[in-house]
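Asker: One structure, pasted below without further comment.
The values are calculated or read from the model by the stated rules, or taken from the named source; none is laboratory data. None of the values given here were measured: they were computed from a predicted structure. Methodologically, a virtual Cβ is constructed for each residue, glycine included, from the backbone with ideal geometry; neighbour enumeration extends over all protein chains shown.
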Amino acid sequence: MSYMFEVYYKSQADPKKEAALTESVTRLGGRLGYREDPNEYGTGSICLTYEFDGLDQAEAASKALRQQGMHVEGPVDYGP
């Protein structure tokens, strides 16, 4: 089973911020699965989708990012 969560932040794209987020998530067992451009769906936000093999890892990473003030949706079951 896989798990994922999404991190949203307002555009302008910030490569340094995204690299720091991804580094944090990687240290906690996750990986960047998808990056949604703000103009793709007209949301005005950039969405980073992180995937995990275990729910405990996903919950720990989402909690850590929320403590940093990030908007995180999930984690949720992502399928096999």
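Asker: Restricting the search to the stretch 7-21, which residues are closer than 17 Å to Gln67 by Cβ and not basic (Lys, Arg)? Quick ask: steps written out before the conclusion?
Answerer: First pass over the stretch 7-21, keeping only residues closer than 17 Å to Gln67 by Cβ: 7-9, 17, 20-21.
Val7, Tyr8, Tyr9, Ala20, Leu21, listed by residue number.
Asker: Identify, by number, the condition in (1) of a type in the set (D, E, K, R); (2) at pLDDT below 95; (3) buried (at least 17 other Cβ atoms within 10 Å of the Cβ) that Glu51 doesn't meet.
Answerer: Checking Glu51 against (1) of a type in the set (D, E, K, R); (2) at pLDDT below 95; (3) buried (at least 17 other Cβ atoms within 10 Å of the Cβ), the one that fails is (2).
Asker: Within the stretch 23-42, is there a residue that is in contact (Cβ under 8 Å) with a residue 24 or more places away in the chain and part of a strand (DSSP E or B)?
Answerer: The answer is yes; a qualifying residue exists.
Asker: Something else about it: Inspect all residues belonging to the stretch 36-43 and state whether any of them is at pLDDT 95 or above and within 13 Å of the chain's Cα centre (by Cα). First the steps, then the outcome.
Answerer: So in the stretch 36-43, the residues at pLDDT 95 or above come out as none.
There is no residue in the stretch 36-43 that is at pLDDT 95 or above and within 13 Å of the chain's Cα centre (by Cα).
Asker: Limited to the stretch 45-80, what total is found for residues that are over 11 Å from Phe5 (Cα atoms), outside any strand (DSSP E or B) and among the small types (Gly, Ala, Ser)?
Answerer: 4
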